[in-house]
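Input: a single structure, listed below in structure tokens.
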Amino acid sequence: MALGRNVPYRRFLRLFFNKETTDMTRQAVHEFVDSRLQKYPVVVFSKSYCPYCHKAKAALDSFKPRFNHDAYEWVEIDGREDMDEIQDYMKELTGGRSVPRVFIGGKFFGGGDDTAAAWKNGELEKKLEELGVFAK
Ligand SMILES: N[C@@H](CCC(=O)N[C@@H](CS)C(=O)NCC(=O)O)C(=O)O
């Protein structure tokens, strides 16, 4: 909506319309994230340049050949217009907004260091096995 300079309540209108846009984005982000978490047993929200995300990727990708189809979804959020809203929702869901946010079985599992440590001590493999995401 183009608001001319001569509209006296322009700032008020802009506040209202921006709020509406933000609310719509928030709702779309919730739907986007929730649908990923429902569909895929393993979901990671990541930024492509982040070294902690690379650590989590090394750990989870090592199981890739064993995963069932549709077991694993990697979501790069950098460059997305709704990146900040996704991180805000991550904060709501997990208590933190840093990346990576690794979810296993719909629940927050941890960040990059947690995932790498769990890979090393076998906990990650055990968790994935229990979840039944490996092809028989
Ligand atoms: N200890 C955390 C560190 C994660 C971290 O610091 N990630 C950075 C990116 S490399 C981050 O999310 N920074 C804030 C941001 O990008 O909004 C982990 O292992 O996941």
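Counting each DSSP H run of 4 or more residues in the chain as -39500 (n - 2.57), what helix-only mean residue ellipticity at 222 nm follows after dividing by all residues, to the nearest 500 deg cm²/dmol? Don't skip to the answer; put the middle values down first.
On the way: 5 runs with 71 residues, N = 136.
The helix contribution divided over the chain gives -17000 deg cm²/dmol.
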Contact order normalised by residue count of the chain, Cα under 8 Å, 6+ apart, percent: 29 percent
Based on the Cβ-Cβ distance of E31 and W74, what FRET efficiency does E = 1/(1 + (r/R0)^6) give at R0 = 30 Å, to the nearest 0.05? 0.95
Among K64/K136; K19/K91; K39/K120; K57/K107; K55/K107; K55/K120, which pairs are too far apart, with a Cα-Cα distance over 22 Å? K39/K120
Summed over the other residues with a beta carbon less than 11 angstrom from that of D113, with K and R at +1 and D and E at -1, the charge totals +1
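Can you give the alpha-carbon Rg of the chain over 2.2 N^0.38 Å, where N counts its residues?
Working: Rg = 18.9 Å, N = 136, 2.2 N^0.38 = 14.2 Å.
It is 1.33.
Read-outs: derived from the displayed coordinates by stated rules, not from any lab. Here the structure is a predicted model, which means the values were calculated and not measured. Don't worry about glycine lacking a Cβ; one is built from the backbone with ideal geometry, like all the others, and counts go over all protein chains shown.
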